[in-house]
1. Going by what's in this entry, would residue 200 be described as surrounded by fewer than 17 Cβ atoms within 10 Å (Cβ to Cβ) and not assigned by TED's automatic domain parsing to the domain that holds residue 427?
2. Looking at residue 182, is it touching a helix residue (DSSP H, G or I) at 6+ places or on another chain (Cβ under 7 Å) and either surrounded by fewer than 20 Cβ atoms within 10 Å (Cβ to Cβ) or in contact (Cβ under 8 Å) with a residue 12 or more places away in the chain (or both)?
3. Kindly indicate the residue of the range 100-110 that is more than 13 Å from residue 132 (Cα to Cα) and surrounded by 14 or more Cβ atoms within 10 Å (Cβ to Cβ) and also nearest to the chain's Cα centre (by Cα) among those meeting that condition.
4. Go over the candidates 470, 452 one by one and state the one that is without any contact (Cβ under 8 Å) to a residue 40 or more places away in the chain and not assigned by TED's automatic domain parsing to the domain that holds residue 370.
5. Where the second residue is in a helix (DSSP H, G or I) and modelled with pLDDT of 90 or more and the first is at positive phi and lies in the range 508-531, which pairs have Cβ atoms under 8 Å and are six or more apart or on separate chains?
6. Does any residue of the range 422-442 turn out to be farther than 30 Å from residue 509 by Cβ and assigned to a loop (DSSP other than H, G, I, E, B)?
7. Considering every residue within the range 426-437, establish whether at least one is farther than 24 Å from residue 514 by Cα, in the same structural domain as residue 398 (by TED's automatic domain parsing) and surrounded by fewer than 22 Cβ atoms within 10 Å (Cβ to Cβ).
8. Answer yes or no: is there a residue in the range 212-219 that is more than 30 Å from residue 91 (Cβ to Cβ), modelled with pLDDT of 90 or more and under 18 Å from the mean Cα position of the chain (by Cα).
């Protein structure tokens, strides 16, 4: 039937491989289809010659029988428009849930097994190419997400940024900028607003320019409260003078022709990303590897150091400077390298249900996990080392050192895990964490026999890298230029109901020193509160000898708890019933609301 109708506009001829050639007399072009099938010719006529198609196939619409009328009155879901909607819905689901949510490669759309699976789900599904999936559906999702992010950022009042350097397995560098804020529902939110290919030179000026351009694009530059970076010298230099400065920053290593490849155009993004980059292929990177441990925070600056990064540098300082530790770690690394090459050792570890972790300088806690994995197989180490060409011998003292190292470093590991939460407030953890580690190193000394040097090195490193916090705890003047000297750390800790001033008890100070420290912290908070209050006259902020100080110091000292951030809250005091808006009174009531 279709062949007879189409002969009006096509000249058909048989070709090889069981195919039919059709020459269109309307546009003078050849089209092919399988012998006995004329769908390609029909589609061509419908798409390119609409009038001839309607005249050919719809000329007898007025002569429809009653059964045909009934069929037209109740259309099925297999109409072309419905099929197209379903096709788009399937493709959008593939892009949203498989490519984006499951992080699968775009090439899965062209995989024969995946296409057969989709055919089983919907026999009328038309296969889609990875290119079309990328430029049509992924691009649409990207634009929608950008609009949503822009809308949410416009509603945010204050924003804190994290600027990180990353590198993939091909050693290509990237800059990631993430914004953190509290939305109108008082929920913590975090958005990765850009991830930029960062070509050399990796100077502070270029980092600054990239960050500033991203902020200008989203129009959130004036909303930035703080910027968190690692301790690389280039990061420190990039934000040394904040954000509101002249674009022309002198840098001897700067290249005037340096172009900032910002990912604001969706098509440009998708065109440039020719190969899939899995998230597990990326690892944290210090932008400049020399002098990467400078900790020179200034409270007047907008930049703050990453707490966990500084904490890991403390651990590495201790392990590096304790003379006996590097030698023991060398033995452990020899065993680890051999275990990753030997099939016999691999089978032995599998039977023991054990594994030896790798020590990676870019992975947090890698040293602790590595030491712990070696110590867990101490009973079988001799059997493993006997298979080596040059067997490594572990003495009894070596195992004692490993055990003591685990006891010493475990709180560092626990705190770093605690501070990596994405949907919880972590700024309030900094001061209680430092206090916890100080008290831990102080209290563990009597039980340590061989690792006293490690404890001392950790204490020295913490005093250097967290000098701002430690000096403020000791009520030392002139801490503005010290590392972590920003008062925001103390303000956040006290205003967190989980901590308040309970962590002061771990310092085991005298009654007088404890009261002075609490008064100093309270003054910091009140001064900050009064900055936001439009009060014509400032009331006295001195609440020395207040019930806040007396309430905590009246609690008897208890034995140190090994549980992280576990404080004794069995302290009772009357709450101040005053309804005044004086910040001192409000803070007093809050701290006594136990």
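1. Considered against the rule, which asks whether it is surrounded by fewer than 17 Cβ atoms within 10 Å (Cβ to Cβ) and not assigned by TED's automatic domain parsing to the domain that holds residue 427, residue 200 comes out as yes.
2. Considered against the rule, which asks whether it is touching a helix residue (DSSP H, G or I) at 6+ places or on another chain (Cβ under 7 Å) and either surrounded by fewer than 20 Cβ atoms within 10 Å (Cβ to Cβ) or in contact (Cβ under 8 Å) with a residue 12 or more places away in the chain (or both), residue 182 comes out as no.
3. Restricting to residues being more than 13 Å from residue 132 (Cα to Cα) and surrounded by 14 or more Cβ atoms within 10 Å (Cβ to Cβ), the top hit is 100.
4. 470
5. So the pair list comes out as 508/439.
6. yes
7. Yes, that holds for at least one residue.
8. yes
The values are calculated or read from the model by the stated rules, or taken from the named source; none is laboratory data. All values reported here derive from a predicted model rather than from experimental measurement. For neighbour counting, all protein chains shown are included, and Cβ atoms are generated from backbone atoms with ideal geometry for every residue, glycine included.
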